[in-house]
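Asks: Dumping the structure here so I can ask a few things about it.
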Amino acid sequence: MSVYRIYVEKKKDHAVEAKSVFNDIRSALGLSGLKSVRIINRYDAEGLSRKDFELATPVVFSEPAVDVTYDCLPDTANDEKIFAVEYLPGQFDQRADSCAQCISLLTGGNRPAVKSAKIYVIKGNVSDDEIAQIKHYIINPVESREASLDTFETLDIKYDIPTTVDTVDGFIYSTDDDLKILLTSLGLAMDFDDIKFCRDYFKNTEKRNPTITEIRMIDTYWSDHCRHTTFSTIIDSVDIGADYIAATYDDYINTRKDLYAGRTDKPITLMDLACIGAKRLKKEGLLKDLDESEEINACSVKIKVFRRCCNLSRRRYQRPAFGQKLCLPGYACNRSCKSPCAC
């Protein structure tokens, strides 16, 4: 089965992402010689016919009104440098997955394999060292890597499955300096106190060196995204210059005094600032449908949706044909409706 490739680039007036990346790079890295950045999305698809691929090009892969498509990568000028970025193997690629689902719906066939990458065209008086800085700025090594510009013979790539798990040798005997080096070399998100705690735990409790998988798992679940360490940081003092913001903060402090009267276990944190409004509404009895659970990161929203329709077939679950209208509460009826409809 052949692998088909298409390149998709936003037209100049619609290249919002490219302009944003250009401004970010210039301001963050101070590259005055940078003139422009182009972003081209690359799609490779396998498991479908050439006819279905061409059918999907203006419907799934691109929007003709705002996109330009290429069969081959455009030629670059002498002052342009190019590189591609793709997700690491095993990382979920939302863009590619959505394309595969849409193609299946469009053709009525099986889902094809789709792989995507993002190509950056850097224009200007930029040295190789500065290109390296740009790559380091754009590519997040936790989830992505620099991709090849070559074509694929197949998207069914086989990867070697490791039969053993590496152990972090000497971890429990590491000095503080060793741990600092390990943090950098492994690119861990945890801080120095976290990895010291790990060392002491494995040394005194497990009495063994951890595997690299254990260290990676701890690093993931102790990350700020999962543990909300930033939001839980205790705020000792606040200096607010704007009067209207200071007044809001004073209202927060007064609300705390009312909600936490007699308690000493509720420090001022960003998380408390975020949740104080809901707690106040709950105490005042205004959150009658509140769902509570031990999972503090979970929430559910229950909404009653009422739909009234007109000029539709009585057949259940039939999709309305073009020209027929749905009349929803709060919206004016379409004048083409022939039957009375209360909106």
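Asks: Can you pull out every residue in the stretch 119-134 that is part of a helix (DSSP H, G or I) and either within 16 Å of Ser27 (Cα to Cα) or in contact (Cβ under 8 Å) with a residue 60 or more places away in the chain (or both)?
Replies: Glu130, Ile131, Gln133, Ile134
Asks: Between a first residue in the stretch 22-41 that is in the same structural domain as His136 (by TED's automatic domain parsing) and aliphatic (A, V, I, L, M) and a second residue that is assigned to a loop (DSSP other than H, G, I, E, B) and surrounded by 12 or more Cβ atoms within 10 Å (Cβ to Cβ), which pairs have beta carbons less than 7 Å apart while being 6 or more apart in sequence or on different chains?
Replies: Ile25/Leu31; Leu31/Val126; Leu34/Val126
Asks: Also, I was wondering about something else. With the structure loaded, tell me whether Ala45 is more than 23 Å from Ser148 (Cβ to Cβ), at pLDDT 95 or above and either surrounded by fewer than 17 Cβ atoms within 10 Å (Cβ to Cβ) or in the same structural domain as Asn125 (by TED's automatic domain parsing) (or both) or whether it fails that test.
Replies: no
Asks: Quick one: would you say Thr175 is β-branched (Val, Ile, Thr), at pLDDT 90 or above and outside the structural domain of Leu48 (by TED's automatic domain parsing)?
Replies: yes
Asks: Mind checking which residues of the stretch 53-88 are touching a Phe, Trp or Tyr at 6+ places or on another chain (Cβ under 8 Å) and farther than 26 Å from Gln133 by Cβ?
Replies: Phe53, Phe61, Thr69, Tyr70, Asp71, Cys72
Asks: When you look at Tyr137, is it under 17 Å from Ile39 (Cα atoms), in contact (Cβ under 8 Å) with a residue 24 or more places away in the chain and buried (at least 18 other Cβ atoms within 10 Å of the Cβ), yes or no?
Replies: Taking the combined requirement at face value, the residue does not satisfy it.
Asks: Cβ-Cβ below 8 Å, separation at least six or inter-chain, first residue in the stretch 89-118 and free of Cβ contacts under 8 Å to residues at least 12 places away in the same chain, second not in a strand (DSSP E or B): which pairs?
Replies: Gln101/Arg111; Ser104/Asn110; Ser104/Arg111; Ser104/Pro112
Asks: Out of all the residues in the stretch 225-248, which are surrounded by 13 or more Cβ atoms within 10 Å (Cβ to Cβ) and among the acidic types (Asp, Glu)?
Replies: Once the filter is applied, which keeps residues that are surrounded by 13 or more Cβ atoms within 10 Å (Cβ to Cβ) and among the acidic types (Asp, Glu), the stretch 225-248 yields nothing.
Asks: Among the residues of the stretch 140-180 satisfying the criterion of being more than 30 Å from Cys198 (Cβ to Cβ) and of a type in the set (Asp, Glu), which is surrounded by the most Cβ atoms within 10 Å (Cβ to Cβ)?
Replies: Among those residues, the one meeting the criterion is Glu146.
Asks: Any residue at all in the stretch 43-52 that's within 29 Å of Gln133 (Cα to Cα) and not hydroxyl-bearing (Ser, Thr, Tyr)?
Replies: yes
Asks: Can you tell me which residue is farthest from Ala189 (Cα to Cα) among those in the stretch 211-255 that are in the same structural domain as Ile195 (by TED's automatic domain parsing), among the hydroxyl-bearing types (Ser, Thr, Tyr) and modelled with pLDDT of 90 or more?
Replies: Among those residues, the one meeting the criterion is Thr211.
Asks: Same structure, new question: Please go through the stretch 250-264 and give me each residue that is surrounded by 14 or more Cβ atoms within 10 Å (Cβ to Cβ) and not β-branched (Val, Ile, Thr), ordered by number.
Replies: Tyr252, Arg256, Leu259, Tyr260
Asks: Also, I was wondering about something else. If a residue has to be over 34 Å from the mean Cα position of the chain (by Cα) and of a type in the set (A, V, I, L, M) to count, how many in the stretch 233-252 make the cut?
Replies: Residues that pass the stated criteria total 1.
The values are calculated or read from the model by the stated rules, or taken from the named source; none is laboratory data. Note that the structure is a prediction, hence the values are computed from the model and not measured. Methodologically, a virtual Cβ is constructed for each residue, glycine included, from the backbone with ideal geometry; neighbour enumeration extends over all protein chains shown.
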